[in-house]
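K.L.:
Let me give you the structure first, and then I'll get to my questions.
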Amino acid sequence: MTDLRTTYLGLELDSPIVASAGPLTGDADRMKDLELHGASAIVLPSLFEEQIEHETNEIDRLFSLHHDSFGEATSMLPEIDDYNSGVDCYLDLVEAAKSAVDIPIIASLNGTNIGGWLRYAQLLQDAGADAIELNLYAVAADPIVSGAALESEHFGLVALLADELTIPLAVKISPNYSSLSSFVVGLQEAGAAGVVMFNRFYLPDLDLETLDIMPRIALSTPEELRLPLRWTGILREHLSMSIAASTGVHSGYDVAKLILVGADVAMTTSALLRNGAAHLATIEAQLRDWMSEHEYESVTQMRGAVSRASSADPSAYERANYIGNLASYTSNFLGRSPISLRN
Ligand SMILES: Cc1cc2nc3c(=O)[nH]c(=O)nc-3n(C[C@H](O)[C@H](O)[C@H](O)COP(=O)(O)O)c2cc1C
């Protein structure tokens, strides 16, 4: 029997197949289903910065509104507690998840401002979360904010959370940093226990009839796996922290590829939304089949076997292969033997 066990963020998992944040991870019954079909850990949908800001503003408003009418502003706290802006529900979700399933539960925070997060991260920890995933979901739209300034803000946030929490912190990032390798190494130095590569931005579309900008959520395709595949392969040798590969994981073969290039776990959302929780069992069976066929006994044995450091052709991860690919595509297209683009 192949041994699928792996370690992620210091947590011992039965397999490298993790259910990433999405609609299926936001309900205790669905979580039971995910566990039943083989998820080795679950990332809850995010608590969004906007929810926390809303609650913080509301607390400020209630305090200022009643400050003069009462001797002690703290006497307002029960009323404030009654105002439910979503954070309480989230804490209930963490508790419900912990009693519904035995696998680790990773709570998720989504945004980039420091705001009141520290307090909420501690509340999530107290509610029983086994780890926290911080999703640095930001679109760098302001031309006066430099990449360096933005990254330094992100490092500050990670360091603050990592210092205060006793549970591990993973950071989910986009691929849109100018020097991705340097940024990810910086996250490790700031105290992150793992990186999740990558989150997926939902890009707006334009309705040509109404001229409205429409938010569009589209599920991923297996072709999108290549981005986490490349960066996991490149970064494995530079990181002692965990790597979770996310985006485009639709089959057990995708999971096998990601482990081979160095991932500790592979996360999936779109494939489960398309095919249901039972698809986890198919993913696991495909991974086991591939491992048996290729005589791998364990995930540990496979991990990083073809990362950039171990690969026979490290340049394939980078630019060098670009010319070769263009040449062979062109020659296939024109139906003749490969041309050299150098001459
Ligand atoms: C409908 C939907 C809701 C999602 N909600 C969250 C969320 O709350 N927090 C988060 O970090 N990622 C969220 N994601 C992103 C997924 O966790 C995942 O990173 C992304 O979909 C790429 O993985 P995939 O190719 O397996 O779908 C969501 C994705 C979808 C499709």
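K.L.:
Lysines within cross-link reach of Lys98: Cα-Cα under 27 Å, excluding same-chain residues under 8 positions apart?
P.N.:
Of all the lysines, those that pass the test against Lys98 - Cα under 27 Å, at least 8 places apart if same chain - are Lys32, Lys172.
K.L.:
State the percent of C-alpha pairs, over all pairs in the range 6-312, separated by a distance greater than 35 angstrom.
P.N.:
Above the 35 Å cut-off, the range 6-312 has 22 percent of its Cα pairs.
K.L.:
For the ranges 219-231, 29-41, what's the packing order if you count other beta-carbon atoms within 10 Å of each residue, average per peptide, and put the highest first?
P.N.:
Averaged packing, sorted descending, gives the order 29-41, 219-231.
Just so you know, all these numbers are worked out from the coordinates, no wet-lab data involved. Just so you know, these numbers come straight off a predicted model, no measurement behind them. Counting neighbours? That spans all protein chains shown, and the Cβs are built from the backbone with ideal geometry, glycine included.
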